[in-house]
Amino acid sequence: MELCNTRVKRLSKLLNLSIFEQRDELEEKLENGFNMVQNRTNGLSEKESYDVLLQMAGETKVFESITGGLLYGLLTEPQNAQKYFSIMSLLARDGWFCALCNVNMILFELYPRMRPEVREQIVYFFREAIKSNVPKIDNVLINYLRNANEGSDLKETCALLSAVAGMLNDHHAWLSELKPKASLIPVTLLTFTRFICDLSSFNAFESLRTQMVNVCHWLLTERFVDCAQLGRDLILALMRVSKIPQFTIIWRQLLYNPNKLGLNISVEELMSRMCPHTFPLYRISVAMQRKLEFIFAKVKPGTHERHLDWFKKQYLSNPEAGSLRSELVRCAIFLSCGETPQVGQEMKAVFIASMFPQTSSIMEQQWCKLHLLWDWFCYDPATGGHILIEPAFHVLRHLLHVQPLLANSLVDFMIRMSYELHPQLQQRITTSVTNSFKFLIDHNILGSPSVIFDNPVLQKNVRENFRDTFRGLFRPLQAIQTHLSSVGIEPGEMPISDVEIAPSETGSAITEDVVSMDSSLVEDSGSVDEEFGLSCEEKVMTLLAAVKEEFREPIENLSSVKNSDSDMRCEMMQKLLSSIFDNDELLDEEQIELLSECLLLIFRKDIRNRKPLSEGFLDTPEVLEEMFNQPLYVIFRNLCLTPDSDATRQLLLSLIAEMCEKCSSISYLLLFFTSSNRRDQNDTAVAAYTDLCRLLDNPLIQQIVSDLQQCHIDDYVLFAHLIPYVYEKFATEAMGSVELMKLLAHSLDGRQIADLIGEMVRENISFFRKDSFLPIVSASLTWETTAQFIFWQLVHAEGVPVDWILQVISKLQYPKHSEAIAQVYIMLQRMDREPNMGLIRNLLSRTPSDMFTVNCLKLLIKDPDYAARVAELLSNLIDKLIQSGDLLPIHSKGKRPTQRYVCLDQLFSHLDKFRQSCLSKDSHMAEAFLARPTLQEAFTAARAAEKVSSLRIRYSELFAVMEILSDDNAQSARSLRRTKTSKRITDVSDEESKNSKRKRQKLIVDSDSD
């Protein structure tokens, strides 16, 4: 019935479509035009056809339809292709504009799905167009060449490259006549140099490599000025092929005699030229460009993983994708970030960072790094190009948070390339990198330089090499001391840079170990901050002009105290708070904002220039007292000690909230301070943090996750220290938060995991509860492999039962969810309770497309007691399904099966797979399981049921095996009965023999006694 009611769909002559895909609108439009042409010219000669079509082409729309129809005929009827092209040439009154627009649309929208024979006709069209010198055909040929960068099948890609290389080698005269600065020349060079390297390991494509080398050599020698449009990207392209003899000659001429290549353009001059924004986009296909633009403009961080997974599966899953990742990195730098640049830059950083771990070789990863940092090595403030250096910084900052080893590798690469890239230009390259950093600092893009240079995640030798290589970023110690003396500041106090306080520039620590003044001076003397802006005191004095008179003197006193005198600073802070409490009626929103800005400037050094907590940190009262002996913690202490009924509490909360808006470190420092009171029975400290979240208008768990994220960037030791406190004091919110668990899974290291498991063992914290576990485990399926392993370590440590994940079992797909599947196996292996019907139903409800259910059944029957229970459950289920008539899957639209729906067909299918893969093993567990009486009885009932006849035929081998096992079992039972009977007879005769002997012995004894 369905076949009768379904309208027959016309087959596509252009595209390879599945039965579920609809025909493309563009194809239907072209086909309609072709049908019109056919109807009017059928049976006419070429000249007559031209005359008829010329009369029809008076209207613009009709002309467009005719042109599209002729192009469709050329692509679908090779035998008449010459005729259609000739008519198009005669009708091309608009300089081929309409025809070329249609070709472009076909290349953009249809080419990836196009039939092989139609692709051959596309090549035919280009060859004829080049012979006919069709205007602007070179621009259309660029779009054809872009399809080679799709990451598709290598043979298809090579066929396209071969076609283009053949056309260009055959038409040097046409290439020579192209207008100056034609885009086809640099785009061809970019594409061919990439594939010349990628195909070097494939002997089958050596002929194609030779063709592409010849094209590139001709372009570089005959049209070098056009190639030079690429600017510094020309150097990047030539570096790929530098070991090939033809390009070695080009390099020598470029280095030692550039006049031979045309204009006197040196390597240094090329490096100073920016690549125009259009050329890098041709490194990837149109479809890939559209997807990247969508990710950068529309996708928000946190929701990006499924988009990146799709992109990887669609374009990068092919092992022959080659250097496409480095091309994507280079292209992403030039793409727009949409209407929200900040979010777009973050997503761009996430995307580029995701390219590095996916690389298949070290060499490919090095190319990705070089493509990312290339503009840094060539940056010249005079020519601009600052937009191109921002993405690399955002990538580096992102990697410092999520992949510290890769971040270290990237910084080390930057250092080494400054020396090794081109020794003659070492000073120029080093200066370029230094100028790049200075631009980012000057324009407040970098925030605090310590985010990178002094980040504790960077290895010590990398930091030292960085300072030694880019000395222009760091002022000598002597010059700083001279400057400090000239402005009246003692060496122990460093001026603060004129960089606005922002969430990204929070310091990388909460406290530092006690060190001498000399070592402190040396540590601070190399900072970049001292090179820029007003001092802290000057900025505070500027703000004080707008502060109420009652608060000025306390702020001045606090600002004037040396940073080294912590006791005096805390005393001055307390006096300022007393002044605020006494004059609370003067505090409006403006005054609170001014006070917060002044305090942040004064506290800035406390927040920014501290080192992370040392490994093995212990929060003893003595250590905490020393750490909290700072003005900022005086505010926190007053807040925690002030009761809810006191009006001054709201003032303190407003002041802290205003500071949090400007500096995101403040809120997690408050969380740290409240954690020091965790041993107290009262919850006043906890209430201080929750009240702050309420004032900031942020949900509590959202604020906690945000604070821990920032804390992990600044101080990973403190991050681990706060986690047990969060799960202890905010258990309800924390145990139900997917985002918090995701943060832990992506951030914890081995030592921190061990410490947290220790907290669980001592029953201090718990990470999971049954009602909120399902959303967390469902979300974890999309996390990175390492993050999933960390998550499951916590799951196993807490002893989460398999019952909690029953609803997820039916959703697991192999190999997409391999990590979770492996962990389910481990849970079943360690299961300490009998299987129940819920577990069996969820296992059997899966489609039998993989071995997951079979493996789980095999694990369940290892224990004889569990095996008996599983056999009993399967038997009951078989009987129930036969009685209810649930024999086959439900396909009707009106009745949707639930996730746990099981039919007899599914059950038999899983058992049949079990039979095929588990029988005839050394343990014979599978045979023993299938031979269990309860299961045999269920199959006996199935044999007797008439309604199951079709399934008996389908699974005849399964039923045959069950019958054999039943017979073997019966025979074994009969043999066992015979053995037992003979044994009883033997035992009786033996007993009678023994009794007669005893009687004889007794008679003998009696006679002797007599």
_So if each residue of separation counts as 0.36 nm, and I subtract the Cα-Cα distance between Lys243 and Leu90, what length gain in nm does that give?_
50.2 nm
*Applying the Karplus parametrisation 6.51 cos²θ - 1.76 cosθ + 1.60 with θ = phi - 60° to the phi angles of segment 570-587, what ³J(HN,Hα) value in whole Hz is obtained for each residue in order, glycine and proline being reported as x?*
5, 5, 5, 5, 5, 5, 5, 5, 4, 4, 5, 5, 6, 10, 5, 5, 8, 8
*Would you mind getting me the FRET efficiency between Asp644 and His924? Use the beta-carbon distance for r and R0 = 56 Å, nearest 0.05.*
0.20
_Placing +1 on the Cβ of each Lys and Arg and -1 on the Cβ of each Asp and Glu in segment 213-370, which of Pro319, Pro276, Trp367 has its Cα farthest towards the positive end of the resulting dipole?_
Pro319
*Dividing the convex hull volume of the alpha carbon atoms of segment 92-222 by its residue count, what do you get in Å³ per residue?*
104
_segment 716-806: GluC sites (Glu not before Pro) in DSSP loop, at most 11 other beta carbons within 10 Å_ = Glu763
*asked:* Quick check for me: using +1 on Lys/Arg Cβ and -1 on Asp/Glu Cβ, what's the dipole size of the chain about its Cα centre, in debye to the nearest 20?
replied: 5840
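Lys pairs in segment 1-135, Cα-Cα under 17 Å, at least 8 apart or on separate chains: how many? Show your work: numbers first, answer last.
Working: Lys9/Lys29; Lys13/Lys29; Lys29/Lys61; Lys47/Lys83; Lys83/Lys131.
Final tally of qualifying lysine pairs is 5.
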*Tell me which residues come under 5 Å, amide H to amide H, from Leu15 once H is placed; ignore anything under 5 positions away on its chain.*
Arg115
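Rounding to the nearest 20 debye, state how big the charge dipole of segment 1-135 is about its Cα centre with +1 on each Lys and Arg Cβ and -1 on each Asp and Glu Cβ.
Working: 16 positive and 18 negative charges, 32 e Å.
Rounded to the nearest 20 debye, it is 160 debye.
Full extension from Leu888 to Glu77: what is 0.36 nm times the residue separation minus their Cα-Cα distance, to one decimal in nm? Spell out each step's value before the answer.
Details: separation 811, 0.36 × 811 = 291.96 nm, distance 4.74 nm.
Contour length minus Cα-Cα distance gives 287.2 nm.
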*At q = 0.11, 0.18, 0.20 Å⁻¹, what log₁₀ I(q)/I(0) does a Debye calculation on the Cα points of segment 1-135 give, no solvent, two decimals?*
-0.41, -1.00, -1.21
*Would you kindly derive the ³J(HN,Hα) couplings of segment 732-746 from the backbone phi angles with the Karplus curve 6.51 cos²θ - 1.76 cosθ + 1.60 (θ = phi - 60°), listing them in order in whole Hz, with x for Gly and Pro?*
4, 6, 5, 5, x, 9, 5, 5, 5, 5, 4, 4, 4, 5, 8
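Nothing charged except the Cβ atoms of Lys and Arg (+1) and of Asp and Glu (-1): what's the magnitude of the dipole of segment 786-923 about its Cα centre? Round to the nearest 20 debye. Kindly include the intermediate steps, with their values, before the conclusion.
Details: 17 positive and 14 negative charges, 104 e Å.
Here segment 786-923 has a charge dipole of around 500 debye.
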*Hey, could you pull the Cα Rg and Dmax for the chain, both in Å?*
38.6, 150
_Take Arg552 and Arg751, extend 7 Å from each Cα along the Cα→Cβ direction, and tell me the distance between the two endpoints in nm._
5.1
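For Leu655, what charge total do you get from the other residues with a beta carbon under 12 Å from its beta carbon, if Lys and Arg give +1 and Asp and Glu give -1? It would help to have the intermediate numbers written out before the result.
Values: positive: Arg649, Lys662; negative: Asp584, Glu589, Glu593, Glu597, Glu658, Glu661.
Here the count lands on -4.
Which shape class applies to segment 284-473: rounded if a/c is under 1.5, otherwise prolate when a/b exceeds b/c and oblate if not, where a ≥ b ≥ c are the square roots of the Cα gyration tensor eigenvalues? Don't skip to the end; give the middle numbers.
Working: a/c = 1.65, a/b = 1.47, b/c = 1.12.
Since a/c reaches 1.5 and a/b is larger than b/c, the shape of segment 284-473 is classed as prolate.
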*Evaluate the distance, in nm, between pseudo-label points positioned 7 Å from the Cα of Ser317 and of Lys181 along their respective Cα→Cβ axes.*
4.3
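Exposure proxy check: Met363, Met541, Met735 ranked by fewest other beta carbons within 10 Å?
Numbers: Met363 12, Met541 16, Met735 20.
So the ranking, lowest neighbour count to highest, is Met363, Met541, Met735.
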*Under a Cβ-Cβ cut-off of 12 Å, what is the net charge of the residues other than Arg232 that fall near it, where Lys and Arg count +1 and Asp and Glu count -1?*
-3
*Along segment 814-824, what does the Karplus equation 6.51 cos²θ - 1.76 cosθ + 1.60 (θ = phi - 60°) give for ³J(HN,Hα), rounded to whole Hz, x for Gly and Pro?*
9, x, 4, 10, 4, 4, 5, 4, 4, 6, 5
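Mean residue ellipticity at 222 nm from the helices of the chain, using -39,500 (n - 2.57) per DSSP H segment of n ≥ 4 over the full residue count, to the nearest 500 deg cm²/dmol? Each step should come with its number before you reach the end.
Working: 55 runs with 677 residues, N = 1010.
-21000 deg cm²/dmol, from helical runs alone.
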_Test of the criteria: in segment 622-695, which chymotrypsin sites (Phe, Trp or Tyr not before Pro) are in a DSSP loop and have at most 11 other Cβ atoms within 10 angstrom of their Cβ?_
none
*In segment 779-850, which trypsin sites (Lys or Arg not before Pro) fall in coil by DSSP and have 15 or fewer other Cβ atoms within 10 Å?*
Lys811, Lys816, Arg830, Arg833
_Leu774 versus Met568: modelled label distance in nm, points set 7 Å from Cα along the beta carbon direction_ = 6.4
*If you add up the charges near Ser578, with Lys and Arg at +1 and Asp and Glu at -1, over every other residue whose beta carbon is less than 13 angstrom from its beta carbon, what do you get?*
-4
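Just so you know, all these numbers are worked out from the coordinates, no wet-lab data involved. Here the structure is a predicted model, which means the values were calculated and not measured. We place every Cβ from the backbone using ideal geometry, glycine too, and count neighbours over all the protein chains shown.
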